[in-house]
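The next block holds one structure in the form of structure tokens; read it before the comments.
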Amino acid sequence: MSTIQWDISKITFYVVACWILAAFGGLMFGYDIGISGGVTAMDDFLMKFFPAVHERKLHAKENNYCKYDDQSLQLFTSSLYLAALVASFGASKSCSLLGRQPTIVMAGSFFLLGAALSCAASQKWMLILGRILFGVGVGFGNESVPLFLTEIAPVQHRGAVNILFQLFVTIGILIANMVNYGTSKLHPHGWRVSLGLAGVPALFLFLGSLVITESPTSLVERGKENKGREALKKIRGVSDVEAEFEQIKMACEQAKLVRHPFKKLMKRSSMPPLIIGIMMQVFQQFTGINAIMFYAPVLFQTVGFKNDASLLSAVITGTVNVLSTFVSIYAVDRAGRRKLLLQACVQMFICQMTIGVILMAKLKTTGSLDKGLAAVVVVLVCLFVMCFAWSWGPLGWLIPSETFPLETRTAGFAFAVSANMLFTFIIAQAFLSMLCNMRAGIFFFFSAWILAMGLFVVFLLPETKGVPIDVMVERVWKQHPVWKKFMDTSDIDCQKIKKLPCKMSKKSI
Ligand code: BGC
């Protein structure tokens, strides 16, 4: 890397401010993930919108596992992800036609509208529409923010900067858990405060997005070369940015040869990063993490905690989630992606299996776990969240963002984002019914997935640690025993541009 000039760029106050302001998009996503579980456990909320569920909860002794099973209650949580799924494709278009920064402005605006409508909701449709607006914000934010962060980060800090997004997601979840803990005591409108407070980070994101710079890549991509050069100078804090600027220009020229990125994505040679990008997100969701993130208070009530204690336990898991993400920031470029993912598979498998065995043996349809065992379940949940936070959580976003070549990056990433949303939706919509029908067996279901994802990492996931993003095809995909069969040398677009070296030696990087 020593030959690359932009290694000497400074980390300026301006660029750090841009990272943080943009990362508020992650905070919004996290807040939305964390808030609904607590709100759906609040009696005032249930009595107003879901009286039948409230009635069932009062007779909880009748069935521990089924007291919250209600499709429309689950729709309240999951509608957000369906909206985000659809919106992420619109966001991909907006990212390439209008730019990353206007797409982040739009995300902030949708969040603000969603917060206002949810807070003021007097009927169920207002509540759901509020969630949908939040969802469109998530779709726009999750597509544009990680791309923006990656593009404005100096190459040597790209991994850590990308994980900043996930760090803010976890902070958002924690803040939501703490807010719920406080507002659950505010009768009868605590839930309004919980949903309305989403407006605060949304306002930060909105105002912040008005002052951040557009990414140089996006400016050059849209023909604004001079502006792109100026933006690069500003974020790098040095005046000589020619070497990096030339690289951006070349990457953009190469990308321009591909007129239909979505079509190009369907080619055989695009399959390896596409399959990896989608599967990372599918597996991330089938760890079962969101069964815990959305429904932690509900889950803890199921094993016998009172309302208050269960919200507090959710605050504890949220704290573990934030702190463990720092491990990932530290380890991802040292230990590598594969080691983190595999270690986590072992730890998550043990935790899920043990929780399943405890619940199966001790939690019958009625009654509750004794206090000691309930505490063991909380500890196991924390151990599970801990290793998710340094592995599948951040890497689910990092790996899809670093494995696509530039010409298919925004389109490919949109598939990864929408796969995340689709499977988050499925888990959110199905979890309470699955808990009701499968009872403790649901934990064995997730364990089986964890086993499958471990095998996937062993056989199919290449290590991308330390590999510069623009030579992934040569250094990763063409070297992998399985994926190299998909790579077609005649398909390399760089051959069409004389300026671009098709084979990059390690020395030339
Ligand atoms: C996932 C979310 C999850 C969160 C937990 C994110 O990476 O995409 O679905 O709730 O991590 O921290």
The pairs in K339/K362; K465/K485; K264/K478; K57/K124 lying past 28 Å Cα-Cα in this model are K339/K362
Dividing the surface of the Cα convex hull of segment 19-496 by four yields a projected area in nm² of 20.8
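Please label the shape of segment 418-459 as rounded, prolate or oblate, based on the square roots a ≥ b ≥ c of the eigenvalues of the alpha-carbon gyration tensor (a/c under 1.5 means rounded; beyond that, a/b larger than b/c means prolate, else oblate).
Working: a/c = 5.46, a/b = 1.29, b/c = 4.22.
Oblate shape, in that a/c is at least 1.5 and b/c is the bigger or equal ratio.
For the chain, what is the charge dipole size about the Cα centre, in debye to the nearest 20, if Lys and Arg each add +1 at the Cβ and Asp and Glu each add -1 at the Cβ?
Numbers: 48 positive and 30 negative charges, 160 e Å.
Computed about the Cα centre, the dipole is about 760 debye.
Say R0 is 25 Å: what FRET efficiency, to the nearest 0.05, do A17 and K233 get from their beta-carbon distance? Write out the running numbers ahead of the final one.
Working: r = 16 Å, r/R0 = 0.65.
Calculated transfer efficiency: 0.95.
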Among A428, L451, L257, the residue whose Cα sits farthest towards the positive end of the charge dipole of the chain (+1 at Cβ of Lys and Arg, -1 at Cβ of Asp and Glu, taken about the Cα centre) is L257
The percentage of the accessible area of the chain (probe 1.4 Å, all protein chains present) made up of carbon and sulfur atoms, to the nearest whole number, is 68
Residue separation between K267 and K124 times 0.36 nm, minus their alpha-carbon distance, gives in nm 47.0 nm
Between the Cα axis of helix 441-460 and the main Cα principal axis of the chain, the angle (0 to 90°, nearest 10) is 10
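For Cα pairs less than 8 Å apart in space and 6+ apart in sequence, what is the mean separation divided by the residue count of segment 9-157, i.e. the relative contact order in percent?
Computed value for segment 9-157: 31 percent relative contact order.
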Per the rule of 0.36 nm per residue minus the C-alpha distance, extending F444 to L98 adds in nm 120.0 nm
To the nearest Å², the heavy-atom accessible area per residue of the chain with 1.4 Å probe amounts to 38
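Using alpha-carbon pairs under 8 Å, 6+ residues apart, how would you state the relative contact order of segment 19-496 in percent? Kindly include the intermediate steps, with their values, before the conclusion.
Values: 777 pairs, mean separation 117.5, N = 478.
Rounded, it is 25 percent for segment 19-496.
The values are calculated or read from the model by the stated rules, or taken from the named source; none is laboratory data. Keep in mind that this is a model prediction, so the values were computed, not measured. In this analysis, Cβ positions are derived from the backbone assuming ideal geometry, glycine residues included, and neighbour counts consider all displayed protein chains. Just the protein is used for accessible areas: all its heavy atoms, side chains included, with ligands, DNA and RNA removed. Shrake-Rupley method; radii C 1.70, N 1.55, O 1.52, S 1.80 Å.
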